[in-house]
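Chemist: I have a structure I would like to understand better, so I am pasting it below and will then ask my questions one at a time.
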Amino acid sequence: MKKTGISSRLKQVLFSSVLLFLLPGCSDRFALLDPAGPVAHTEYRFIVLSAILVSLVVIPVLGLLIYIVIRYRDRPGNQAPYRPNWTESKILEAIWWGIPILIVAILGVFTVRDTYALTRPPTNHKPITIQVVSLDWKWMFLYPDSKIATVNYCEIPTGVPVQFVLTADAPMNSFWVPRLGGQVYTMPGMEMQLWLQADRSGVFEGRGANFTGKGFAHMNFQVVAKPQSEFESWVKSVKASAPALTNEKYNQLVKPSVVKQQSYSSYPTSLYKNIVNKNGGMYWHGKHEQHPMPMDGQHQMPMGN
Amino acid sequence: MFKSLVLYLKNADPLIQMSAVAIVLTLIGIVVALTYYKKWGWLWREWITTVDHKKIGIMYLICALLMLFRGGVDALLMRTQLAFPGMNFLDAQHYNEIFTTHGTIMILFVAMPMLFAMMNIAVPLQIGARDVAFPFLNAVSFWLFFFGALLFNLSFVLGGSPDAGWVSYPPLAELSHSPGPGINYYVLSLQISGIGSIATGINFIVTILKMRAPGMTLMRMPLFTWSVLASCIVIIFAFPALTVALALLGLDRIAGTHFFTMLHGGNPMMYVNLFWIWGHPEVYIAILPVYGIFSEIVSTFSKKYIFGYKSMVISLMLISVIGYFVWVHHFFTMGAGPGVNSFFAVASMAVGIPTGVKVFNWLFTMFRGRIRLTLPMLWTLAFIPCFAIGGATGVMLAAAPGDYQFHNSYVVIAHFHQTLIGGAVFGLLAGMYYWWPKMFGFKLNETLGKWAFWFFNIGFYVCFMPQYALGLMGMTRRVYTYPAATGWGTLNFVSTIGAYLMGIGFLFIVVQVLYSIRYGERDMTGDPWDGRTLEWSLPSPVPYYNFAQIPTVNGRDAWWEMKQQRKEYSLSSTKELKPIHMPNNSSLPFFMGLAFFVAGFGLVFNQFMIATVGLIGVVVCMLWRSLEKDTGHWISVDEIKQMEAS
């Protein structure tokens, strides 16, 4: 054991960590590796591709390190060549400048392609829009088409692109449903947008990902995906049975607290616009378009000027 | 103010009350010990008023290690809380404070002073200089760092720690959501120590460019010196952005302006940009000198010239330039357009190219060498796989489409701990072991060091590998608890075990240092490692004027070449000695730091009288210094001969 020294032991450690990492992979607990919609799928494919590309450098490095340390260790009788004045090799250096450049170039092409693709609706079906407001410490969803509202959960039809339009009436947070796709920040006074789509029915866990203080750890929500017909009947049942969200109730809701899931049959028409404006959204007028957002995906938020 | 402080302490968590008591007892202990052994005068003359770069370096090192302990305890508290789902050890507020102080302390009060320690100890010696360019400013930098760190740590027992994360984004960090002194402490302590960092950056750029020994052209400079130059260039471009961000946030909180609020035209995005314009280059500031340290160590302990010196220099410079232009990757998910995200994604990935080149050059420095597995070399070898994996996950994170999923998840936590621990911490520890004999004149015990090494390394992988998996499971950072249904319990428990193993590793280092002070192998030659650069041509510890005669440099690895050319080479016999001019010690840097501290403390609690007194103190110190006529003295030839003979 002493003979092979550090590198073999390091290898063992590395190997067991990799095992640790792969063994539970059999379960469906790895949300990022179990995409349930086209957006998450694009990102998943990209993650796998990037992992393969970077390991083209990592694996040779690990192999070389182990080999070199064993072979060139300073111990009596080591016959390995010793060339203390050998300091340069143009060919070798060209190789290890070249390979990373090549890898980054390939990865760069895919990065640009997917980054642009992710700003467009994932499929051609007619999309629906859901407005999202992050509050301290809960998520409010407004359905501008059917005029209903929910808190800490939202339902979406399967196979339909959903355009989330997001803002915050509290410190900035980040809206993340790992199995449906990547996240986007919710920011007071600004509107963000995020395309997601579920290809199959299910309950997908969503999280507030950006720290917002005491109740942050409890800022989770659920996205329930169901077939179009079931979705419509859910909307009807909410309309029929849930109470209305009045301005007074909203003023209660906006106060810092952790609450359970809620549904509302209606909400004040100007609620969302007022939330954006009262947080400074009025300063953005003329700088960017108000909701509804353009569908071409080229919409760009102002960057901090 | 004091009434509210007493009230705070009365209502505080028992942990905090205990710490307050412990701090007071420690202080009393130190005062008693210093008085008993009559060491006050020694402390004042030899250390507090010193302008000697080597002593300043040692003071940075001691502070960094103490802060590493504090930051490490924070880490263990957090990991304990996360060991089981629904754990009830810390409440949300306390947890938030702890992760905020953990991050801030580890970056600003551990990594920075530790690398300033290495810079101060080694750079002037490596380039054959008597001192840094501005010794007085160097002392000011240290005391600003010291009092900044003191102010930050004070928050723990006086009034409440910052709790908005080490990034402290508004509006969460604004008065509206974080009343109380916590964020004020953050703003002012970072501001005070940040001024010191900028000064250090300027100081070392000038030192390296203007004070090299004759014959040491830029392309003959040791790589550590090159890396410090690269790092300092980033410091002087990046830190002013932090100064502005903190100043504006401070004005928002203390003077009622609206730079970053949600109202009256304030824009939090501006803070996010300013913060990361500093924040991302900051990690390169921490990592670049470490690359230099590894280059020195790999070359020394492989008994070989560094492979691909030119590539190493080019890649250092490329990293410092590209590294500066990638800050937006910290907020790919803030709604920037695909053009912006694509640009910053590709730029971020591009940093991987020169970094990869460095790794291969290190490998080929060892190739066909003779590798000695000393402690510095062990940490260097451990760094390579750790950094290779951390760098690879970094490239994966840097690509926007992947980052949309990874952002704010534990993948990010695992990645940056792997690069910052595997890079900065391993490197700075390697540097500490490497230059320890030069600093103190004795070696650290190898056996205890190896125990520390293995505990820390195994602990590291046990702690952070599960966190990659947790990230893929969708665990978000900064949560103080999680329900059992998430299934994150097992991996979190494993991770916590790893953290404790690392803690044991740290304790071994403490034991190692204490043991070696008494029993460590004394370094009589000044060249215990068979070194290659000029610092090893000097006795250990180095006399305060460094070189009795400034050496003439004829090539890279100057000392190695001198040793090769004439075995019996002796520095003091070549040329005639001349009197040396050295700067005087001064108490002003200490008092200036103290004045900044008083001003900062006043501003934290909106006590403008106290703040004004402090600021007047700062101005008085500056005036005093500018009116001083003679700030140096001569050392006679006799004195030098005496010193050299002993």
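Chemist: Positive end of the dipole of chain B, charges at C-beta (+1 Lys, Arg; -1 Asp, Glu), about the Cα centre: which of B:Leu229, B:Leu90, B:Trp536 has its Cα farthest in that direction?
Modeler: Of the options given, the answer is B:Trp536.
Chemist: Which of the residues in region B:157-202 show a loss of at least 30 Å² in accessible area from their chain by itself to the complete set of protein chains, at a probe of 1.4 Å?
Modeler: So the qualifying set is B:Tyr169, B:Pro171, B:Leu172, B:His177.
Chemist: Do you know which residues of region A:90-111 lose at least 40 square angstrom of accessible area in the protein assembly compared with their chain on its own, with a 1.4 angstrom probe?
Modeler: Buried by 40 Å² or more upon assembly, which counts only protein chains, are A:Glu93, A:Trp96, A:Trp97, A:Pro100, A:Val104, A:Thr111.
Chemist: Continuing with the same structure: In percent, what relative contact order does region A:128-284 have, based on Cα pairs under 8 Å that are 6 or more apart in sequence?
Modeler: Dividing the mean separation by the residue count of region A:128-284 yields 29 percent.
Chemist: Quantify how strongly other chains surround peptide B:355-361 by giving the mean number of their Cβ atoms within 10 Å of each of its Cβ atoms.
Modeler: For peptide B:355-361, the averaged partner shielding equals 6.
Chemist: Further, regarding this structure: Using a 10 Å cut-off on Cβ to Cβ distances, tally the other chain neighbours for every residue of A:34-47 and report the average as a whole number.
Modeler: Shielding by partners across A:34-47 averages 3.
Chemist: When you look at the Cβ of every residue in A:113-119, what mean number of other chain Cβ atoms sits within 10 Å?
Modeler: The per-residue average across the peptide is 6.
Chemist: Here is a follow-up. Charges at C-beta only: +1 for Lys and Arg, -1 for Asp and Glu. How large is the resulting dipole of the protein assembly as shown about its Cα centre, in Debye rounded to 20?
Modeler: Roughly 1700 debye for the protein assembly as shown.
Chemist: Quick check: the distance between the Cα centres of region B:468-520 and region B:415-462, to the nearest angstrom?
Modeler: After rounding, the separation between the Cα centres reads 17 Å.
Chemist: Search the structure for amide H atoms under 5 Å from the amide H of B:Ile371, placed 1.01 Å from N in the peptide plane, and list their residues when 5 or more places away or on another chain.
Modeler: Sorted by chain and number, the residues that satisfy this are A:Arg73, A:Asp74.
Chemist: Related question: Which value, in Å², gives the accessible area per residue of region B:160-216 when a 1.4 Å probe is used on the protein heavy atoms?
Modeler: 25
Chemist: Between region B:620-646 and region B:297-321, how many Å separate their Cα centres?
Modeler: Here the answer is 37 Å between Cα centres.
Chemist: Leaving ligands, DNA and RNA out of it, report the carbon-plus-sulfur percent of the accessible area of chain B at a 1.4 Å probe. Numbers along the way, then the final one.
Modeler: Working: 15710 of 22130 Å².
Result for chain B: 71 percent of the exposed heavy-atom area is carbon or sulfur.
Chemist: For A:Trp137, tell me the accessible area in Å² from a 1.4 Å probe, rounded to the nearest 10.
Modeler: Here the residue's solvent-accessible area equals roughly 40 Å².
Chemist: Mind grabbing the interface size between A and B? I mean buried accessible area, both sides, 1.4 Å probe, in Å² to the nearest hundred.
Modeler: Details: alone 18170 and 26650 Å², together 35690 Å².
So the buried area, both faces added, is about 9100 Å².
Chemist: Among B:Leu318, B:Leu77, what's the order by accessible area (1.4 angstrom probe), most exposed first?
Modeler: B:Leu318, B:Leu77
Chemist: Right, next: Please list, ordered by chain and number, the residues whose modelled amide H lies under 5 Å from the amide H of B:Ser409; skip anything fewer than 5 residues away on the same chain.
Modeler: B:Arg477
Chemist: Run lengths n ≥ 4 of DSSP H only: what is the helix-derived mean residue ellipticity at 222 nm for chain B, with -39500 (n - 2.57) per run over all residues, to the nearest 500?
Modeler: Value at 222 nm, helices only, nearest 500: -22000 deg cm²/dmol.
Chemist: Name the residue from B:Leu249, B:Trp47, B:Pro338 whose Cα lies farthest towards the positive end of the charge dipole of chain B, charges +1 on Cβ of Lys and Arg and -1 on Cβ of Asp and Glu.
Modeler: B:Trp47
Chemist: Next up: In this model, which of A:Lys226/A:Lys255; B:Lys358/B:Lys450; B:Lys303/B:Lys438 are farther than 28 Å apart at the alpha-carbon?
Modeler: A:Lys226/A:Lys255
Chemist: For chain B, take the longest principal axis of its alpha carbons; what is the angle in degrees between that and the long axis of helix B:2-11, to the nearest 10 within 0 to 90?
Modeler: 70
Chemist: Could you derive backbone 3J(HN,Hα) for region B:542-559 from the dihedral phi with the Karplus parameters 6.51, -1.76 and 1.60 (θ = phi - 60°), listing whole Hz in sequence and x where the residue is Gly or Pro?
Modeler: 6, x, 5, 8, 6, 9, 4, 10, 5, x, 9, 9, 10, x, 5, 6, 3, 5
Chemist: Tell me the accessible surface of B:Ile277 in square angstrom (1.4 angstrom probe, heavy atoms of protein chains only), to the nearest ten.
Modeler: 40
Chemist: Once the Cβ-Cβ distance between A:Ser270 and B:Ile517 is put in as r, and R0 is 41 Å, what FRET efficiency do you end up with, to the nearest 0.05?
Modeler: 0.05
Chemist: With every protein chain left in place, what is the accessible area per residue of region B:508-646 in square angstrom, probe 1.4 Å?
Modeler: Here the per-residue accessible area is 57 Å².
Chemist: Taking 8 Å as the Cα distance limit and 6 or more residues as the minimum spacing, I'd like the relative contact order of chain B as a percentage.
Modeler: 17
Chemist: Accessible area, 1.4 Å probe, largest first: how do A:Thr111, B:Thr257 sort?
Modeler: Descending accessible area places them as B:Thr257, A:Thr111.
Chemist: Calculate the FRET efficiency for B:Lys10 and B:Leu175 from the Cβ-Cβ distance with a Förster distance of 25 Å, rounded to the nearest 0.05.
Modeler: On the way: r = 24 Å, r/R0 = 0.97.
Efficiency at R0 = 25 Å is approximately 0.55.
Chemist: Rounded to the nearest Å, what's the spacing between the alpha carbon centres of region B:180-213 and region A:198-272? Just the number, please.
Modeler: If you average the Cα positions of each part, the centres end up 48 Å apart.
Chemist: So how exposed is B:Trp47, as accessible area in Å² (1.4 Å probe, rounded to 10)?
Modeler: Estimated to the nearest 10 Å², B:Trp47 gives 50 Å².
Chemist: If R₀ is 45 angstrom, what is the calculated FRET efficiency for the pair B:Ile314 and B:His258, using the beta carbon separation as r and rounding to 0.05?
Modeler: 0.50
Chemist: Once the dipole of region A:128-284 is set up with Lys and Arg at +1 and Asp and Glu at -1 on Cβ about the Cα centre, which of A:Asn277, A:Gly213, A:Val224 lies farthest towards its positive end?
Modeler: A:Gly213
Chemist: How many Å² of accessible area per residue for region A:128-284, probe 1.4 Å? Please report the intermediate quantities before stating the final value.
Modeler: Values: 5020 Å² over 157 residues.
Roughly 32 Å² per residue, with all protein chains present.
Chemist: Counting other Cβ atoms within 10 Å, keep those with at most 13, restrict to DSSP loop, and tell me which GluC sites (Glu not before Pro) in region B:578-646 are left. Before the final figure, lay out each step's value.
Modeler: Numbers: sites: B:Glu628, B:Glu639, B:Glu644; in loops: B:Glu628.
Those that pass, being in a loop and sparsely packed, are B:Glu628.
Chemist: Right, something else. So, with +1 on the Cβ of K and R and -1 on the Cβ of D and E, and no other charges, what is the size of the charge dipole of region A:17-140 about its Cα centre, to the nearest 20 debye?
Modeler: Result for region A:17-140 is approximately 180 debye, rounded to the nearest 20.
The values are calculated or read from the model by the stated rules, or taken from the named source; none is laboratory data. From a predicted model like this one, the values you see are computed outputs, not experimental measurements. Glycine also receives a Cβ, built like all others from the backbone with ideal geometry; neighbour counts cover every protein chain displayed. To get the accessible areas, we keep the full protein, side chains included, count just its heavy atoms, and leave off ligands, DNA and RNA. Shrake-Rupley method; radii C 1.70, N 1.55, O 1.52, S 1.80 Å.
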